[in-house]
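Chemist: Take this structure first; my questions come after.
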Amino acid sequence: MAKSDFTLAFNEIIETRALPKEKVLEALSQALVSAYRRDARVIEAQRVEADIDITGKPRLLVEKEVVLDVVNAQTEIALQDAREIDPSVQEGDMVMAPVTSLSQSFGRIAAQTAKQVILQHIREAERESLYNEYIDRVGELVIGTVQNLNAGGVTLDLGRAEAIMPAKERMPNERYKQHEKIRVYVVEVKKTNRGPQIIVSRSHKQMLRRLLEYEVPEIYNGQIEVKNIAREAGHRSKVAVYALQEGVDAVGACVGMRGMRIQNIVKELSDEKIDIIEWDPTLPNTLRGRSPRRV
């Protein structure tokens, strides 16, 4: 493949893919090596390396034995030529010599191989990148767009990735529509051959905890602690809260002025009823408290 082809491929991938330059360089290098091995019919025992600079300019290096008289130019290099690479080499040494001539078919083979190898590496790198991104988001809320609905669950578009909300993670009182945007809780991220499998939920009790953190600054800042949550998704939830700072009304802070804070959560959860109670450590059941406020 001509130098310009590699440079164009390098620049195109950098612009269209959210990948580090090092990953792209690695993919291009392996494509170049694979193409040369196939074109020159190099045996596996003979080392071939591709050196590509950050601009995408490639250079091929092949391992050769230093000899006085060259019989096979593919595997041997004259001592005089070898010393231009490394002045200290002796007859019988092995050096990595630059490839100075290529066959006419190399460009076509290299183009085909590069396309296959680059796409494979890009897919692998993107899968790894997505996994690393979403494994760090387990336990967080994200917004997704409904793509498909079936008996097994709902497929959501998260932008760069897809997520699955299994039937058991849906709220029984909700009906989703295609292209609708919904907020979900990231439950789990698994590695698969097809990329990360992201499992999300709207029925998980920790989703209610995250919504409380977003709506109630006192919880987010650590002035109020959510001690326990019992949730029957889509119907009723009970939340036990406790003030860690003297003078803070834990229940009142969660409800908010005129009930605005808790009403925002109720609306998000499709009118799920929510009881906010003050946690009492003297009671045997940590979800039994005083001064319940129901919404």
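Chemist: Residue by residue through segment 30-41, which ³J(HN,Hα) values in whole Hz follow from phi under the Karplus form 6.51 cos²θ - 1.76 cosθ + 1.60 (θ = phi - 60°), with glycine and proline marked x?
Modeler: Result, rounded to whole Hz: 5, 5, 5, 5, 4, 5, 5, 4, 5, 6, 8, 6.
Chemist: If you don't mind, another one. Amide H of Val99 versus every other amide H placed in the peptide plane: which residues, excluding those fewer than 5 positions away on the same chain, fall under 5 Å?
Modeler: When sequence neighbours closer than 5 places are left aside, the close amide H contacts are Leu60, Leu61, Val62.
Chemist: Ok, one more. Please list, in order along segment 232-242, the HN-Hα scalar couplings obtained from phi with the Karplus expression 6.51 cos²θ - 1.76 cosθ + 1.60 (θ = phi - 60°), rounded to whole Hz, x for Gly and Pro.
Modeler: 10, 3, x, 10, 8, 10, 10, 10, 9, 10, 9
Chemist: Oh, and also: Which GluC sites (Glu not before Pro) from segment 201-276 combine a DSSP loop assignment with at most 14 other Cβ atoms within 10 Å?
Modeler: The qualifying sites are Glu246.
Chemist: Next question. Using Cβ counts within 10 Å as a stand-in for footprinting exposure, how do Arg47, Arg231, Arg261, Arg175 rank, fewest first?
Modeler: Arg175, Arg47, Arg231, Arg261
Chemist: Between Trp279 and residues 5 or more places away or on another chain, which pairs have amide H atoms under 5 Å apart, with H built 1.01 Å from N, and which residues are they?
Modeler: Residues meeting the criterion, in which the H sits 1.01 Å from N, are Val241, Tyr242.
Chemist: Then there's this: So what are the ³J(HN,Hα) numbers for segment 191-202, from phi and the Karplus equation (6.51, -1.76, 1.60; θ = phi - 60°), rounded to whole Hz, Gly and Pro as x?
Modeler: 7, 9, 5, 9, x, x, 9, 9, 9, 10, 8, 10
Chemist: Now, a different point. Any of Lys177/Lys267; Lys23/Lys181; Lys181/Lys238; Lys21/Lys177; Lys21/Lys191 with alpha carbons more than 29 Å apart? Name them for me.
Modeler: In this structure, Lys23/Lys181; Lys21/Lys177 lie more than 29 Å apart at Cα.
Chemist: Ranked from highest to lowest mean number of other Cβ atoms within 10 Å per residue, what is the order of the peptides 129-137, 86-94?
Modeler: 129-137, 86-94
Chemist: Using a Cα-Cα cut-off of under 16 Å, which aspartates and glutamates could be cross-linked to Lys168, ignoring same-chain neighbours fewer than 8 residues away?
Modeler: Glu188, Glu232
Laboratory data are not the source of any read-out in this text; all were calculated from the coordinates shown. What you see is a predicted model; the values in this text were computed from it and never measured. Here the Cβ is made from the backbone with ideal geometry for all residues, glycine too, and neighbour counts use every protein chain on show.
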